[in-house]
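Please read the structure below before turning to the comments.
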Amino acid sequence: MFKNTAAIGADIGRNALRIAVVNYGGEVIAVNSYPLADKQTSDYLIAKVIDAIRNIRHEVASSGVNPICVGISAKGFIDHKSGIVIGPDRGIKGWKNVPIAKMVNRETGLPVFVGNDANLMTVAEQKFGAARDFNNVVFVALRTGIGGGIIINGRLYRGVNNAGAEIGQMIINYDNGLSDKGIKGSFEHHASATALVRRYLELSGRKKSGSSKQLTGRDIFELSYKNNPAARAAVKENAELVGIGLANLIAIFAPEIIVLGGGMSEARDSYINMIRKSAFANSLANCRAEVKIERARLGSNAPLLGSAYYSMIRLAGKNI
């Protein structure tokens, strides 16, 4: 049905809005990116999405491409059936209980479907990326925070109230660390890019001065490649902690594959190998027997591919 069909995928990030036209086979026909203002409101974001859709429809029309629907990837909890962003607001004024699907549909005339960004990245990797043809998948987004998605028997697992698969909030060390979400000892608090930077500063003895606050996880990896002792120790410890988190997921789900995405997954193979070693060392043999741990393949295009594909499936009356 969809062989020659295309859809629009939009990804609402913190600093940029990315939008693409994607065909059913996963080919990106066109892609645009728009910076977002530091201070945002729900009206501002929705207007940006509508303008971006209009622009890219006009752009591809000259090639005879007419997208039939829109998928939108957004952070936070999403009522995917109704296309409503539930929240939290993440500092965006009015970004709670926003009926974004209805609002964008009213202005564009296209059917609109909305999903959580990590869930749609999971869908993309399962359809087009590292988890292609696997039916039991765990996706872990290692970035400033930690997000993820779970596919069980080919279907996206959302849990009650669309609140499932909050992988970053599982507790791996109850004795230490209260996260910014008020959860003690969470995976996100101990193993995210934010945690990596914090641990490097502790090990190096550097105070959080104005300059050190600008450090990123990528900076710490780069320092480790230059044999900086504190950076190497922080990266090694981080990989062990990520592996412990994955060991929990292996014990609970025994998936066929765990896909590591987000900026931290772009580190060298040595980091991924340390994660594998920790995950397998801390899990039962029967649970880990068939598990693969692989780097994501789609990078920043994952939410675009996932949202576009998701919208076409939803338009056909199916669900994932």
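The values are calculated or read from the model by the stated rules, or taken from the named source; none is laboratory data. If you're wondering where the values come from, they're calculated on a predicted model, not measured in any experiment. Counting neighbours? That spans all protein chains shown, and the Cβs are built from the backbone with ideal geometry, glycine included.
In this structure, GLY149 does satisfy being surrounded by 18 or more Cβ atoms within 10 Å (Cβ to Cβ), out of contact with any Cys (no Cβ under 7 Å at 6 or more places or on another chain) and free of Cβ contacts under 8 Å to residues at least 40 places away in the same chain.
Candidates VAL235, VAL242: the one that is touching a helix residue (DSSP H, G or I) at 6+ places or on another chain (Cβ under 8 Å), free of Cβ contacts under 8 Å to residues at least 40 places away in the same chain, buried (at least 22 other Cβ atoms within 10 Å of the Cβ) and among the β-branched types (Val, Ile, Thr) is VAL235.
For the range 51-86, residues that are without any contact (Cβ under 8 Å) to a residue 60 or more places away in the chain and more than 17 Å from the chain's Cα centre (by Cα) total 19. A search for C-beta distances below 6 Å between a residue of the range 106-127 that is assigned to a helix (DSSP H, G or I) and any residue that is of a type in the set (Phe, Trp, Tyr), counting only pairs 6+ apart in sequence or on different chains, returns LEU120/TYR310; THR122/PHE139; VAL123/TYR310; GLU125/PHE139; LYS127/TYR309.
Looking at LYS318, is it in a helix (DSSP H, G or I) and either in contact with a His (Cβ under 6 Å, 6 or more places away or on another chain) or surrounded by fewer than 16 Cβ atoms within 10 Å (Cβ to Cβ) (or both)? The answer is no for LYS318.
Scanning the range 155-168 for residues that are without any contact (Cβ under 8 Å) to a residue 60 or more places away in the chain and at positive phi returns GLY159, ALA165.
Okay, residues lined up against (1) of a type in the set (Phe, Trp, Tyr); (2) out of contact with any Pro (no Cβ under 7 Å at 6 or more places or on another chain); (3) assigned to a loop (DSSP other than H, G, I, E, B); (4) surrounded by fewer than 16 Cβ atoms within 10 Å (Cβ to Cβ):
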| site | (1), (2), (3), (4) |
| --- | --- |
| VAL22 | no, yes, no, no |
| GLY25 | no, yes, yes, yes |
| TYR34 | yes, yes, no, yes |
| LYS39 | no, yes, yes, yes |
| ASP43 | no, yes, no, yes |
| ARG54 | no, yes, no, yes |
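Tell me, which residue of the range 72-91 that is within 19 Å of ASP38 (Cα to Cα) and among the small types (Gly, Ala, Ser) is surrounded by the fewest Cβ atoms within 10 Å (Cβ to Cβ)? Residue satisfying both the conditions and the ranking: GLY91.
Taking ALA131 as the residue in question, decide whether it is modelled with pLDDT under 95, of a type in the set (Gly, Ala, Ser) and either assigned to a strand (DSSP E or B) or within 17 Å of the chain's Cα centre (by Cα) (or both). For ALA131, the condition - modelled with pLDDT under 95, of a type in the set (Gly, Ala, Ser) and either assigned to a strand (DSSP E or B) or within 17 Å of the chain's Cα centre (by Cα) (or both) - is not met.
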